[in-house]
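A short write-up of the structure that comes next.
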Amino acid sequence: MVGKDAPYPILDVTAAGVVERLNDAAQELLTGASPGVPLARAAPAWLAQAHRAVASGRARPGAGPAHGPVGDRVFEAHPLHADADRVVWWLLDVTGHRRAAEALRTEREWTGFLVEASRELTSSLNLDRCLEAAARLAARHLADAALVIMPMAGRRHRVTACDPRGRIVREDLGVDVRTVPGLDGALRAFPPAPARWIDPARAPGWVLREEFGAIGSAVVMALPGHGLPAGALVLLRRRRQQGFAPREAVFARLFAAWAGAAISVARLYTEQAAITETLMAELLPPVELRVNGAEVAARYRPAGVAELVGGDFYDVHPAAGSGREALVVLGDVAGKGLEAAVLTGKIRNTLHALLPMADDHHRVLERLNDVLLTRENPTRFVTLVLASVAPSGPRVALRITSAGHPAPLILRNDGRVEAVEAAGTLIGLIDSITSSTQEVLLDPGETCLLYSDGIIEARGGPCGDELFGEERLCEKLRHCAGMPADAVAERVQMLASQWVGGGEHDDMAIVAISAPRGERT
Amino acid sequence: MRIEERVEALWAAAIAGDEYTAADVVLAALDAGVPMESVLLDVVAPVQARAGREWAANRITVAQEHTATAVNDRVLAILAHHPSAGTHIGSSGGRGRVVVACVDGEWHAFPARLLAEVLRLRGWRVDYLGAQVPTPHLIAHLHRAAPDAVALSSSLAVRLPAAHTAITACQSTGAPVLAGGAAFGPDGRYARLLGADAWAPDARAAADLLAQGLRPHRPEDGPPHLPGHEYTVLTERAPDLVRNVMADLARRVPEMAGYTSEQRNRTAEDVAHIVEFLRAALYVADPDLFTSFTGWMTGVLTSRGVPAGALSAGLQTIAGRLPDLPQAREMLERAQAALRAGTR
């Protein structure tokens, strides 16, 4: 036959499916084949099936060659010639090619897993989210179910479990981790101990959960954090055979390292955020601002966009001094950011202690000055306004003292805006201070506005480089006549913030004190 | 009493700044058996929407508009403490946790606050962060709270670039984003464009969508929207542009010589406002955004006695200063054509 010595197996097969001729290579490959033997008996089923399709003209055009295993190798079958009587088949050994393609596909799967893992593990700084992601990824790609176990905190271990259907359960369990071989070590040892395969039948119920179904093998792995163990991972698999495939072992180790690092970062962030929140609570401006007889509203915006506090502050003390007066304070410490905020906290505490003498603003300011002058850092000074508030019939009586601070503005019902001339020296810089106190009466609907220089020194506007300025503030306030305190404070903060747009600005603080209208009798 | 009458009564109390009467109106509605959600969305919400419309038409002053908002805020606070809201507010939030916030620079907090109250009523644990939340604060909160979803509100289209930043930032923490508010367009087209996971036209629809559950955002949901080159150029140039346009206008419009400094300031603010909307339109590459803004502004200006030609002159002058920005010029021309069609 043609191609008798050809290196590729060639077969002539009749339309009825009987081998007519075959070359040496074909004979060597298909040992049971010889002329007259039906192909279905001499060759694997996939080849016989391909033959029937081609011989009957049912082969799908463009479907590519049929392929399948012959012994331990893989062949493609190419119908070189086909007519009504017979088909000539060439068989091509594609074992190497197919194996390479298969390896590439597996490699791509692992790469996809790593991309997914890196995205899911690093996207959230929330500890529980991070633990969930680690458990879910491990169950999906490395096992059938997985547990992530945190080191003990408050006599309990946080356990995050993911079942074969991807469902997450999170629990704080007071369990003894020594009942699982290798787990205690994985939670303590640094550098991490190697993975340890265990007999799942002997694992306690909180590990071998009902919802996991039948489990045949299990492994305990450490999740290394930044210099400390971040937790441990238990992988549970249905199949009984222990051990990772070589590639799998590499990826499991990589995954444990990433998950451990991500959990450790999320845990640090969560702890830091909790500490900051606790410390910040002392420095944050007060929210409840109702004062007997007057409406008080405040707005606050620190300079730094990521900051919650700054060098401006305000406070409202419902009853100060011997009378029925309340005391409202608004001040501005030199400097910005956390350092300035810490000083505002000290000043607020000092003023709180000085409340019994609030009948005499000058005395309060003198004592505060004394306290600030004894500080080790004399460059830190403060400007502030004190406003004592008392009801006077339907009106509100104010006593106002300014210590080096922008003059408070009074918004009258007819739209007039008056500055309160209560000038005094700033506090914390020189031994002897001066101050003068002004009395102001607010009719129902009228407002006194205390503000920090961050408002009038806001730079921006339509052309980007203009100061907001006191004049513009007064002009805008005229249109606020009759508005409640909260609406005035909101309006002023909105106008100043819009004025700076996206640009930089100083801390901004506003307190509006109004005599309410239409008070219910 | 019909709902419309209750709306009318609340409206009268709100613009008068009378929070006691306002409280009586909503409490009477609850006593008469109107469900809390309906009081919020069918009585309070229409009053707030009306305040904006009446201001635009110059039928109430800016002080009245702000007073009405302040009264409505108090009304919401009173309703939140009402016993018929309490059973839900005290609950653990069995549905899950939602963060509700306005995007940075957005001052219209009322729609977001309404949504927060409705979601609480429906059993969610709600973190309401309020108006103009700087994105870093929002993100820090999301990392701590790990909510099931974030509802982002924005009313003015000029906040769309900031909204885009906020949407993308929220999604990077793994939280799906529901966008709402007039800024995203009447059909929510800008919410989709900027990659929000869902959009709702109102609080009820938003609550329904959240009840169905939002799928966590995935990067393969599509590449992020990139603003056009002209947006970047116009953003850099905006302050100079306003200054130059003011100078041009002074030459073109002789009456401006007699303007008081307040009038001049207001004109400059109007020009800056127009440029801001032009930037937003370039950001989303949609001329309709700009045209609908100029249509709204015509109403605001004419109701205040500003001649119809003034806005058109402003648009022309701005176009004259942007010879190298063809997209922006086309938007300005389309807006002028729409103005001409409107006055005819």
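A single member of A:Ala218, A:Ala214, A:Ala222, A:Ala230 is in contact with a helix residue (DSSP H, G or I) (Cβ under 7 Å, 6 or more places away or on another chain) and under 20 Å from A:Gly166 (Cα atoms), and it is A:Ala218. Of the listed requirements (1) farther than 30 Å from A:Gly415 by Cα; (2) modelled with pLDDT under 95; (3) more than 12 Å from chain A (Cβ to nearest Cβ), B:Asp104 misses just one: (3).
Listed by position, the strands (runs of 3 or more DSSP E) contained in region A:418-514 that have at least 1 residues being aromatic (Phe, Trp, Tyr) are A:447-451. Of the residues making up region B:304-318, just one is of a type in the set (Ser, Thr, Tyr) and under 16 Å from B:Ala247 (Cα atoms), namely B:Thr317. Within region A:480-500, the set of residues being surrounded by fewer than 21 Cβ atoms within 10 Å (Cβ to Cβ) and more than 24 Å from A:Pro285 (Cβ to Cβ) comprises just one member, A:Ala481. Here the condition is being surrounded by fewer than 21 Cβ atoms within 10 Å (Cβ to Cβ) and in the same structural domain as B:His217 (by TED's automatic domain parsing); of B:Trp107, B:Trp124, it holds for B:Trp107 alone. Residue pairs whose Cβ atoms lie under 9 Å apart, sitting 6 or more positions apart in sequence or on different chains, and linking a residue in region B:134-148 that is outside the structural domain of B:Arg159 (by TED's automatic domain parsing) to a partner that is surrounded by 18 or more Cβ atoms within 10 Å (Cβ to Cβ) and hydrophobic (A, V, I, L, M, F, W, C), do not occur here. Which condition breaks for B:Ile78 when tested against (1) within 25 Å of A:His479 (Cα to Cα); (2) assigned to a helix (DSSP H, G or I)? So the condition that B:Ile78 fails would be (1).
Kindly indicate whether A:Thr278 is among the hydroxyl-bearing types (Ser, Thr, Tyr), in contact (Cβ under 8 Å) with a residue 24 or more places away in the chain, surrounded by fewer than 22 Cβ atoms within 10 Å (Cβ to Cβ) and not in a strand (DSSP E or B). Answer is no for this residue. Annotation: of all residues in region B:56-66 being in contact (Cβ under 8 Å) with a residue 12 or more places away in the chain and assigned to a helix (DSSP H, G or I), the one that is farthest from the other protein chains (Cβ to nearest Cβ) is B:Ala56. Regarding region A:492-509, can at least one residue be identified that is free of Cβ contacts under 8 Å to residues at least 12 places away in the same chain and among the small types (Gly, Ala, Ser)? Yes: region A:492-509 contains one or more residues that are free of Cβ contacts under 8 Å to residues at least 12 places away in the same chain and among the small types (Gly, Ala, Ser). How about region A:480-521: which of its residues are within 22 Å of A:Gly331 (Cβ to Cβ), touching a Gly at 6+ places or on another chain (Cβ under 9 Å) and more than 10 Å from every other protein chain (Cβ to nearest Cβ)? Selection gives A:Ala496, A:Val500, A:His505, A:Asp506, A:Asp507, A:Met508, A:Ala509, A:Ser514.
Here's the yes/no breakdown for (1) farther than 23 Å from A:Arg301 by Cα; (2) touching a residue at least 12 places away in the same chain (Cβ under 8 Å); (3) buried (at least 19 other Cβ atoms within 10 Å of the Cβ); (4) under 20 Å from the mean Cα position of the chain (by Cα):
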residue	(1), (2), (3), (4)
B:Ala112	no, yes, yes, yes
B:Gly130	no, yes, no, yes
B:Ser154	no, yes, yes, yes
B:Ala157	yes, yes, yes, yes
B:Ile167	no, yes, yes, yes
B:Ala196	yes, yes, yes, yes
B:Ala203	yes, yes, yes, yes
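Just so you know, in region B:9-20 the residues that are surrounded by 17 or more Cβ atoms within 10 Å (Cβ to Cβ) and assigned to a helix (DSSP H, G or I) include one that is modelled with the lowest pLDDT, and it is B:Glu19. Taken together, A:Ile149, A:Ile168 contain a single residue that is surrounded by 22 or more Cβ atoms within 10 Å (Cβ to Cβ) and either away from chain B (no Cβ under 14 Å) or at pLDDT 90 or above (or both), which is A:Ile149. Which one is surrounded by the most Cβ atoms within 10 Å (Cβ to Cβ) among residues in region B:310-343 that are in contact (Cβ under 8 Å) with a residue 60 or more places away in the chain and β-branched (Val, Ile, Thr)? Among those that are in contact (Cβ under 8 Å) with a residue 60 or more places away in the chain and β-branched (Val, Ile, Thr), it is B:Ile318. Within region A:362-409, the residues that satisfy the criterion of being among the β-branched types (Val, Ile, Thr), under 22 Å from A:His352 (Cα atoms) and within 43 Å of the chain's Cα centre (by Cα) are A:Val371, A:Val382, A:Thr383, A:Val385.
For every residue, the table says whether it meets (1) within 13 Å of chain A (Cβ to nearest Cβ); (2) of a type in the set (A, V, I, L, M, F, W, C); (3) touching a His at 6+ places or on another chain (Cβ under 6 Å).
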{"residue": "B:Ala68", "(1), (2), (3)": "yes, yes, no"}
{"residue": "B:Val71", "(1), (2), (3)": "yes, yes, no"}
{"residue": "B:Leu121", "(1), (2), (3)": "no, yes, yes"}
{"residue": "B:Trp124", "(1), (2), (3)": "no, yes, no"}
{"residue": "B:Pro134", "(1), (2), (3)": "yes, no, no"}
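Selection of first residues in region A:229-258 that are over 18 Å from A:Ala189 (Cβ atoms) and of second residues that are assigned to a strand (DSSP E or B) and of a type in the set (S, T, N, Q), restricted to Cβ pairs under 8 Å at least 6 apart or on distinct chains, gives the following pairs, ordered by first then second residue: A:Leu236/A:Ser217; A:Arg237/A:Ser217; A:Arg239/A:Ser217; A:Arg240/A:Ser217; A:Gln241/A:Ser217; A:Gln242/A:Ser217. For region B:79-100, a tally of residues being modelled with pLDDT of 90 or more and within 26 Å of B:Ile15 (Cα to Cα) returns 1. The condition (being more than 11 Å from chain B (Cβ to nearest Cβ) and either touching a His at 6+ places or on another chain (Cβ under 6 Å) or crowded, with 18+ Cβ neighbours inside 10 Å (or both)) is satisfied by just one residue among A:Leu467, A:Leu477, A:Leu442: A:Leu442. Going residue by residue through region A:105-122, is there one that turns out to be within 14 Å of chain B (Cβ to nearest Cβ), part of a strand (DSSP E or B), touching a helix residue (DSSP H, G or I) at 6+ places or on another chain (Cβ under 6 Å) and surrounded by 15 or more Cβ atoms within 10 Å (Cβ to Cβ)? The answer is no, given that none of the residues of region A:105-122 is within 14 Å of chain B (Cβ to nearest Cβ), part of a strand (DSSP E or B), touching a helix residue (DSSP H, G or I) at 6+ places or on another chain (Cβ under 6 Å) and surrounded by 15 or more Cβ atoms within 10 Å (Cβ to Cβ). Going residue by residue through region B:252-269, is there one that turns out to be under 20 Å from B:Pro326 (Cα atoms), touching a Leu at 6+ places or on another chain (Cβ under 9 Å) and within 11 Å of chain A (Cβ to nearest Cβ)? No, that holds for no residue. Does at least one position in region A:51-65 carry a residue that is more than 17 Å from A:Val19 (Cβ to Cβ), in contact with a His (Cβ under 8 Å, 6 or more places away or on another chain), free of Cβ contacts under 8 Å to residues at least 24 places away in the same chain and among the charged types (D, E, K, R)? Looking through region A:51-65, none of the residues is more than 17 Å from A:Val19 (Cβ to Cβ), in contact with a His (Cβ under 8 Å, 6 or more places away or on another chain), free of Cβ contacts under 8 Å to residues at least 24 places away in the same chain and among the charged types (D, E, K, R). When A:Glu271 is tested against the conditions (1) out of contact with any Cys (no Cβ under 9 Å at 6 or more places or on another chain); (2) in a helix (DSSP H, G or I); (3) in contact (Cβ under 8 Å) with a residue 24 or more places away in the chain; (4) more than 30 Å from A:His317 (Cα to Cα), the lone failure is (3). Would region A:304-315 turn up any residue that is under 16 Å from A:Val385 (Cα atoms), touching a Leu at 6+ places or on another chain (Cβ under 7 Å) and surrounded by 24 or more Cβ atoms within 10 Å (Cβ to Cβ)? Yes, region A:304-315 contains a residue that is under 16 Å from A:Val385 (Cα atoms), touching a Leu at 6+ places or on another chain (Cβ under 7 Å) and surrounded by 24 or more Cβ atoms within 10 Å (Cβ to Cβ).
The values are calculated or read from the model by the stated rules, or taken from the named source; none is laboratory data. Small disclaimer: the values here were computed from a predicted structure and weren't measured. FYI the Cβ positions are ideal-geometry reconstructions off the backbone, even for glycines, and counts take in every protein chain you see.
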